[in-house]
Amino acid sequence: MRSTVIRCLAIAGIPIGAATMIAAPAHAATTEAPAQVVVSSMHIVGYDRAVAAAHGYEIRVGANGQEYSVKQGEVTPYNTIPGDCGKSWVYIYPKGGHKADIDTGFDVNTPAIDFSWDVRVHDDWGTSVKSWGHVLLAQHNWEGVNHFKSSGAGYVDARVISGFAILDNGGVCYSEGPSDTEYVS
């Protein structure tokens with residue numbers, strides 16, 4: 001299934017891979033929280049014909065050149081193309097002692113069979129990337145939690161930097177990159 005995910009990313013022109021740790025210089029604690037979007041939409045960025053066929057779907061192309069997925073043999077109105085495929089989120093829950101839980105996930109309209117998810121966590125002492133990904137059993141949602149410990153008090157920013165689900169209709173449902181910022185003491 002990993003090869004399917006990588007092939008779908010390559011088809012969609014999405015960069016593959018993310019650093020696991022990026023060092024950032026230490027500096028004084030930030031006093032103002034940046035703007036945030038904790039829940040954002042997810043959009044289809046491409047289709048995997050082999051995955052679609054394996055689950056009883058076929059990929060069609062509308063008059064405008066846009067691909068879309070339908071059940072094999074299904075009749076669809078001319079030039080009708082589905083829209084958004086779901087929503088994604090990330091939340092920071094401060095726990096005290098310079099600790100927080102990073103909660104992230106997605107809800108998709110069509111069952112997902114695989115996913116890959118990277119959340120960048122940044123504070124005044126550095127940046128790291130928390131990663132998830134594995135095969136799913138035709139699930140409409142997924143949620144993951146990662147524990148975070150900062151070197152000191154200050155604002156922490158968490159952002160989905162690369163998140164997508166492979167849907168059973170062959171769609172690659174890509175997150176629009178929600179973020180959250182909270183003060184961790």
Scanning the range 60-102 for residues that are modelled with pLDDT under 85 and part of a strand (DSSP E or B) gives ARG60, VAL61, GLU67, TYR68, SER69, VAL70, LYS71
Of the conditions (1) exposed (fewer than 12 other Cβ atoms within 10 Å of the Cβ); (2) modelled with pLDDT under 65, the single one that THR30 does not satisfy is (1)
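Results for (1) out of contact with any Gly (no Cβ under 6 Å at 6 or more places or on another chain); (2) surrounded by fewer than 18 Cβ atoms within 10 Å (Cβ to Cβ), shown as yes or no for each residue.
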site: VAL90; (1), (2): yes, no
site: GLY96; (1), (2): yes, yes
site: LYS99; (1), (2): yes, yes
site: ASN109; (1), (2): no, yes
site: SER116; (1), (2): no, no
site: GLY126; (1), (2): yes, yes
site: VAL129; (1), (2): yes, yes
site: ALA138; (1), (2): yes, yes
By residue number, the members of the range 106-121 that are of a type outside the set (D, E, K, R) and at pLDDT below 95 are PHE106, VAL108, ASN109, THR110
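Taking the range 167-178 only, how many residues are over 11 Å from the mean Cα position of the chain (by Cα) and either crowded, with 24+ Cβ neighbours inside 10 Å or part of a strand (DSSP E or B) (or both)?
The initial filter retains those residues of the range 167-178 that are over 11 Å from the mean Cα position of the chain (by Cα), namely 167-171.
Applying the additional criterion that residues be either crowded, with 24+ Cβ neighbours inside 10 Å or part of a strand (DSSP E or B) (or both) yields 167, 169-171.
Final tally of qualifying residues: 4.
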- Message: Given the criteria closer than 22 Å to ILE59 by Cβ and surrounded by 15 or more Cβ atoms within 10 Å (Cβ to Cβ), does TYR183 qualify?
- Response: no
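The values are calculated or read from the model by the stated rules, or taken from the named source; none is laboratory data. This is a predicted model, so every value here is computed, not measured. Ideal geometry is used to build each Cβ from the backbone, glycine not excepted, and the neighbour counts take in all protein chains shown.
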